[in-house]
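S.K.: Mind looking over this structure? Questions follow.
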Amino acid sequence: MSDIQADIKAQVDANPVMLFMKGTPQFPQCGFSSVVVQILDHLGVDYQTANVLESDDLRNGIKQFSDWPTIPQLYVKGEFVGGCDIIREMFEQGELREFLKQQGLALAE
């Protein structure tokens, strides 16, 4: 495992909800990242982020780590959940809130 893969695994393992995104929650650098941040904020779940624009190694490494070609990528309790389209669909169908609750995460009511 390369250093970047080990770093990504450490972040995913250390944070119950981890979002790899372009930019920051305050200043998303792409619309897809912005949508996922808005959904997580709306649900009121605590999450950590990593800005893939800060490092080519991270931007390429996360795609290899998940075997998923796009960013953002959301991980919950160490598992890859999906990118923007999957997260938005789960949210719109009420599945995301239920999934997060099942994982034992605190949400806003």
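S.K.: Regarding F91, is this residue modelled with pLDDT of 95 or more, surrounded by 17 or more Cβ atoms within 10 Å (Cβ to Cβ) and over 11 Å from the mean Cα position of the chain (by Cα)?
M.R.: yes
S.K.: If you don't mind, there's one more thing I want to ask. Confirm whether E109 is modelled with pLDDT under 95 and of a type outside the set (A, V, I, L, M, F, W, C).
M.R.: Taking the combined requirement at face value, the residue satisfies it.
S.K.: Let me ask another. Kindly check whether there is at least one residue in the stretch 68-84 that is basic (K, R) and not in a loop (DSSP other than H, G, I, E, B).
M.R.: no
S.K.: Working carefully through the options D57, D67, find the one that is among the acidic types (D, E), touching a helix residue (DSSP H, G or I) at 6+ places or on another chain (Cβ under 7 Å), under 20 Å from D3 (Cβ atoms) and surrounded by fewer than 19 Cβ atoms within 10 Å (Cβ to Cβ).
M.R.: D57
S.K.: When the residues of the stretch 70-88 are narrowed to those that are among the charged types (D, E, K, R) and within 21 Å of K9 (Cα to Cα), which ends up surrounded by the fewest Cβ atoms within 10 Å (Cβ to Cβ)?
M.R.: Only one residue tops the list, namely E79.
S.K.: What is the residue count in the stretch 15-36 for residues that are without any contact (Cβ under 8 Å) to a residue 24 or more places away in the chain and either of a type in the set (S, T, N, Q) or closer than 16 Å to Y75 by Cβ (or both)?
M.R.: Counting residues in the stretch 15-36 that are without any contact (Cβ under 8 Å) to a residue 24 or more places away in the chain and either of a type in the set (S, T, N, Q) or closer than 16 Å to Y75 by Cβ (or both) gives 2.
S.K.: State all residues of the stretch 40-58 that are β-branched (V, I, T) and either in contact with a His (Cβ under 6 Å, 6 or more places away or on another chain) or not in a helix (DSSP H, G or I) (or both); if no residue qualifies, say none.
M.R.: Residues satisfying the conditions are V45, T49.
S.K.: Just give me the residues in the stretch 4-20 being of a type in the set (A, V, I, L, M) and either crowded, with 19+ Cβ neighbours inside 10 Å or at pLDDT below 95 (or both), in sequence order.
M.R.: Within the stretch 4-20, I8, V12, V17, M18, L19 qualify.
The values are calculated or read from the model by the stated rules, or taken from the named source; none is laboratory data. What you are looking at is a predicted structure, and each value in this text was computed from that prediction instead of being measured. Neighbour counts are summed over all protein chains in view; Cβ atoms, including those assigned to glycine, are modelled from backbone coordinates with ideal geometry.
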